[in-house]
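Visitor: Before I ask anything, here is the structure I am working with.
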Amino acid sequence: MKRYKQRWPWYVAGVAILAIACSLRNGWIAGGIARITGSLLATDSLPAQAVGGSVADGDTFSTIGGETIRMLGIDAPEHGEPFSQQARERLRALVVGRQVDLVYDAEKADRYGRLLCHVHVDGSWVNQTLVREGLAGVYIVRPNLARMAELAAAQKTARVDEIGIWSLPPPAPEPYYLRSRNSFRFHRPSCPLAKEIAPRNVVKLSDREAALDAGLSPCRTCRP
């Protein structure tokens with residue numbers, strides 16, 4: 001009996017600590033559920049339509065409501081690169097002051113808070129228009145794979161017609177190119193990013209044209 005009385009305060013303390021831990025754990029779970037619910041609510045409230053406002057470059061614009069739209073599946077020339085101004089002006093003509101329909105893929109926004117969309121105006125798919133006119137190239141990022149084949153086909157048409165960015169002299173060729181089976185970028189063999197690909201994921205490509213026809217994009221570091 002004496003031994004039991006000596007242990008009793010420690011037993012009570014243990015129960016109290018366990019209760020506090022459970023309370024904290026339940027709070028963390030509740031907080032996590034709240035964050036998930038908030039994320040779902042944010043997704044449900046994404047705009048399906050907007051009016052185009054200002055244009056940042058050939059693949060990004062803002063709406064008059066303040067959202068920034070990064071167009072999915074394409075990449076226009078950066079500021080100062082050939083055809084960057086033409087791409088920007090063409091996008092401005094297509095979306096500014098006009099009602100745009102916004103279609104989302106697997107990811108709704110990027111890490112910068114920009115909405116990721118396929119953009120339609122009066123039944124015309126703006127992303128595809130820019131690619132077909134040679135003012136943007138295909139740029140696919142997982143998991144946003146919808147309509148990849150259509151964009152690749154539009155790019156092939158622009159390449160065959162040698163318009164826009166495809167009218168420029170091609171980069172110096174390589175005997176072969178490399179990609180990761182988990183990525184839609186292709187690299188020169190000497191590219192430092194190619195050397196980071198795990199051996200089991202390395203895919204060898206015979207030529208640049210085949211890579212482009214498959215919807216792959218040139219690496220921004222080695223620019224193959």
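The values are calculated or read from the model by the stated rules, or taken from the named source; none is laboratory data. Only a predicted model underlies this, so the values are computations on that prediction, with no experimental measurement involved. Here the Cβ is made from the backbone with ideal geometry for all residues, glycine too, and neighbour counts use every protein chain on show.
Visitor: Given the conditions (1) assigned to a helix (DSSP H, G or I); (2) among the hydroxyl-bearing types (S, T, Y); (3) within 15 Å of T221 (Cα to Cα), report the number of the one that S190 does not fulfil.
Guide: So S190 meets the others, but not (1).
Visitor: Among I165, I197, which is part of a loop (DSSP other than H, G, I, E, B) and of a type in the set (V, I, T)? Walk me through it before giving the result.
Guide: Details: I165 fails: part of a loop (DSSP other than H, G, I, E, B).
On inspection, the qualifying residue turns out to be I197.
Yes or no, residue by residue, for (1) closer than 18 Å to V51 by Cβ; (2) surrounded by 18 or more Cβ atoms within 10 Å (Cβ to Cβ); (3) of a type in the set (S, T, Y):
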{"residue": "I64", "(1), (2), (3)": "yes, no, no"}
{"residue": "P82", "(1), (2), (3)": "no, no, no"}
{"residue": "L115", "(1), (2), (3)": "yes, yes, no"}
{"residue": "P143", "(1), (2), (3)": "no, no, no"}
{"residue": "G164", "(1), (2), (3)": "no, yes, no"}
{"residue": "P171", "(1), (2), (3)": "no, no, no"}
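Visitor: (1) under 23 Å from G73 (Cα atoms); (2) surrounded by fewer than 13 Cβ atoms within 10 Å (Cβ to Cβ); (3) modelled with pLDDT under 95: which one isn't true of S206, the others all being true?
Guide: Going through the list (1) under 23 Å from G73 (Cα atoms); (2) surrounded by fewer than 13 Cβ atoms within 10 Å (Cβ to Cβ); (3) modelled with pLDDT under 95, S206 breaks only (1).
Visitor: Among all residue pairs at least 6 apart or on different chains, which show Cβ distances below 7 Å where the first residue, located in the range 125-152, is assigned by TED's automatic domain parsing to the domain that holds L91 and the second is in a helix (DSSP H, G or I) and among the aromatic types (F, W, Y)?
Guide: Cβ pairs passing all conditions: G134/W166.
Visitor: Follow-up question, since we're still on this one. With the range 39-144 as the region, which strands (runs of 3 or more DSSP E) entirely inside it contain at least 1 residues that are touching a Phe, Trp or Tyr at 6+ places or on another chain (Cβ under 7 Å) and closer than 30 Å to R181 by Cα?
Guide: Details: elements: 49-57, 60-63, 68-71, 99-103, 115-121.
Strands (runs of 3 or more DSSP E) meeting the threshold: 68-71, 115-121.
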